[in-house]
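A short write-up of the structure that comes next.
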Amino acid sequence: MRSLRFISATILAAPPLLAQQKLDKRIAIAADASIRISNFAGTTRVLGWDRDSIAVSGTAPPGVHFFMGGAGRLAKLGLEPEEKSPPTSAGHLDVRVPRGSRVWVKSADGSIDVQAMTGEVDLQSVGGSIRVTGSLRLVTAESMEGDLEVIGPSPLVRVKTGGGKILLRQTNGDVTASSVSGAIVATELEPQSARLETVSGMVNYAGTVDRHGTLAIQTHSGDVELLLPTLLGAEFDLESTSGEAVVSLPAKTGKPRKGHSVYFANAGGGAQVIVRSFKGQIRVYGQ
Amino acid sequence: MSCAELRAQADAYARATLSAAEATAFEAHLTTCASCTAFLEAAEAPPERTAALPKSVDPGRDLWPGIRERLGKSGVGRGRIAVRGWLLAAAAVLLIAVSSGVTVLLLRRFSGTAAIQQAITLSPLEAQYASAAAELGVALARARGQLAPETIAIIERNLAVIDSALAESRRALAGDPHNAMLEQLVIAAWRQKMDFLRRATALSPAS
């Protein structure tokens, strides 16, 4: 009788059959491999490391299938719902990859976070946010609605979102950022070439521009605010069809300082700053 | 270099017959001018439908003997040319109207009449964008059944923002047709729309 009670208690305390599955898988792979990750059931974190292998940990929720395979210079892995209906709970993938590899991630609503890589990443999400930290050869990130954040001196950055916000920090190479209604906020930038485009989002840029670089901004209705070094040597070409451009750079010479269209050279020229808007307001401040 | 100069030199640049200085100025202009970039992209890759159009359009069967009989001998030469020109023009307008209208109708943005009126006044460059956007719109409509309702809502919300900006810019350009900046904004809105449609289409599991 006592042993029966023990067995009953053990059965009751056992985890349900549909418990989350813990993941712990590894495969050898080349240091410059191409790795495809699909995660339609949760969040993804990609971490670069100095080993020639991929190591995956994390969890797969009930009703979700984990797959992984590959060798040499190609590998693919991911979480995939077994049924068409979305899983009831979210899973998570922690994927360690060779630092210099090329990684492609496709996600549904889960966030994607990339750290400590030096290779190339191509990240796509429908509604999840995307964050990339470090100095990579190439960053491409696209989301329909999620926020995008790129931090670090990657030489080539291409980011696009619909309603999400774009945050760029410390990027100094060639940057293209585009949104539909999401704001674009750039801080501590010194790009050789930056092209920021949004339909209705605002653009807030604080940083400088390479001496021979170009900063081109275009909005339809979003306001544009630039905070630039007072002595930045640049030619400014600012135009808003029905908005107004106002310049508060102390080093600026000549007139006008405000109007639908303002063109001037600051501190001898050099870089190019071009802003176009249909009805957004353009403000340029010195720091 | 102005936009007009760049467009005049586009063929020479493609044939590599520009001097080094001219080529440098050409490329420098492109780095800052979305309108000219879009112009060249469109010139490089004409939409399949446009490229597939025949050089001339003949009626399905030869109607001319019957027409000649009715008109008499005096109208022979001029009549045939007039019919061919009219058919070509009609075919071009029809292509623009249909291809633009398809996207619009699929996405339920405007009424059919407004879409066709809008299409007829498109510039050749815009017509190419409209045609390409229509093709993407068809692909998106096919993929619609595979997308989650939330995703469809996101797509429609963003397209509404782009379409609203596009309509506003086009109205302004209609009132000031020689304004290069407005043209640039219109083209930028088309590029945004095409890019968003492309990304939306790529969301389907099949892709």
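The values are calculated or read from the model by the stated rules, or taken from the named source; none is laboratory data. If you're wondering where the values come from, they're calculated on a predicted model, not measured in any experiment. Every residue, glycine as well, gets a Cβ built from its backbone with ideal geometry; the counts of neighbours run over all protein chains shown.
Points worth noting:
- Of the set (1) surrounded by fewer than 21 Cβ atoms within 10 Å (Cβ to Cβ); (2) farther than 28 Å from B:ALA167 by Cα, all apply to A:ALA216 but (2).
- Identification of strands (runs of 3 or more DSSP E) wholly contained in region A:175-265 with 2 or more residues that are away from chain B (no Cβ under 13 Å) yields A:184-189, A:203-207, A:224-228, A:245-248.
- Neighbours by Cβ (under 8 Å, 6+ apart or cross-chain): first from region A:64-79, within 17 Å of A:GLN20 (Cβ to Cβ); second assigned to a loop (DSSP other than H, G, I, E, B) and not hydroxyl-bearing (Ser, Thr, Tyr): A:VAL64/A:ALA41; A:VAL64/A:GLU82; A:VAL64/A:PRO87; A:HIS65/A:GLU82; A:GLY78/A:PHE40; A:LEU79/A:PHE40; A:LEU79/A:ALA41
- Those residues of region B:144-161 which are crowded, with 19+ Cβ neighbours inside 10 Å and in a helix (DSSP H, G or I), in sequence order: B:THR151, B:ILE154, B:ILE155, B:ASN158, B:LEU159, B:VAL161
- Of all the listed residues (B:SER169, B:SER164), the sole one being at pLDDT 90 or above, in a helix (DSSP H, G or I) and within 8 Å of chain A (Cβ to nearest Cβ) is B:SER169.
- Of all residues in region A:22-58, exactly one satisfies the criterion of being modelled with pLDDT under 95 and either among the aliphatic types (A, V, I, L, M) or more than 29 Å from the chain's Cα centre (by Cα) (or both), namely A:ALA41.
- Unmet requirement for B:ALA172, which otherwise passes all of (1) within 26 Å of B:ARG7 (Cβ to Cβ); (2) surrounded by 20 or more Cβ atoms within 10 Å (Cβ to Cβ); (3) touching a Ser or Thr at 6+ places or on another chain (Cβ under 7 Å): (2)
- Scanning region A:83-104 for residues that are within 14 Å of chain B (Cβ to nearest Cβ) and either surrounded by 19 or more Cβ atoms within 10 Å (Cβ to Cβ) or not small (Gly, Ala, Ser) (or both) yields A:GLU83, A:LYS84, A:PRO86, A:PRO87, A:TRP104.
- Criterion (of a type in the set (Ser, Thr, Tyr), within 14 Å of chain B (Cβ to nearest Cβ), out of contact with any Ser or Thr (no Cβ under 7 Å at 6 or more places or on another chain) and surrounded by fewer than 24 Cβ atoms within 10 Å (Cβ to Cβ)) met by exactly one of A:THR133, A:THR140: A:THR140
- Of the listed requirements (1) in a loop (DSSP other than H, G, I, E, B); (2) farther than 18 Å from A:LEU148 by Cβ; (3) touching a residue at least 40 places away in the same chain (Cβ under 8 Å), A:GLY269 misses just one: (3).
- Condition met for A:ASP223 (touching a strand residue (DSSP E or B) at 6+ places or on another chain (Cβ under 7 Å) and either surrounded by fewer than 16 Cβ atoms within 10 Å (Cβ to Cβ) or of a type in the set (D, E, K, R) (or both)): no
- Scope region B:172-207; condition more than 9 Å from chain A (Cβ to nearest Cβ) and within 19 Å of A:GLY127 (Cα to Cα); matching residues: B:LYS193, B:LEU197, B:ARG198, B:THR201, B:SER204, B:ALA206, B:SER207
- Tally of residues being within 14 Å of another protein chain (Cβ to nearest Cβ), part of a strand (DSSP E or B) and surrounded by fewer than 24 Cβ atoms within 10 Å (Cβ to Cβ) across region A:143-159: 1
- Residues of region A:162-174 classified as part of a strand (DSSP E or B) and either buried (at least 24 other Cβ atoms within 10 Å of the Cβ) or touching a residue at least 40 places away in the same chain (Cβ under 8 Å) (or both), total: 2
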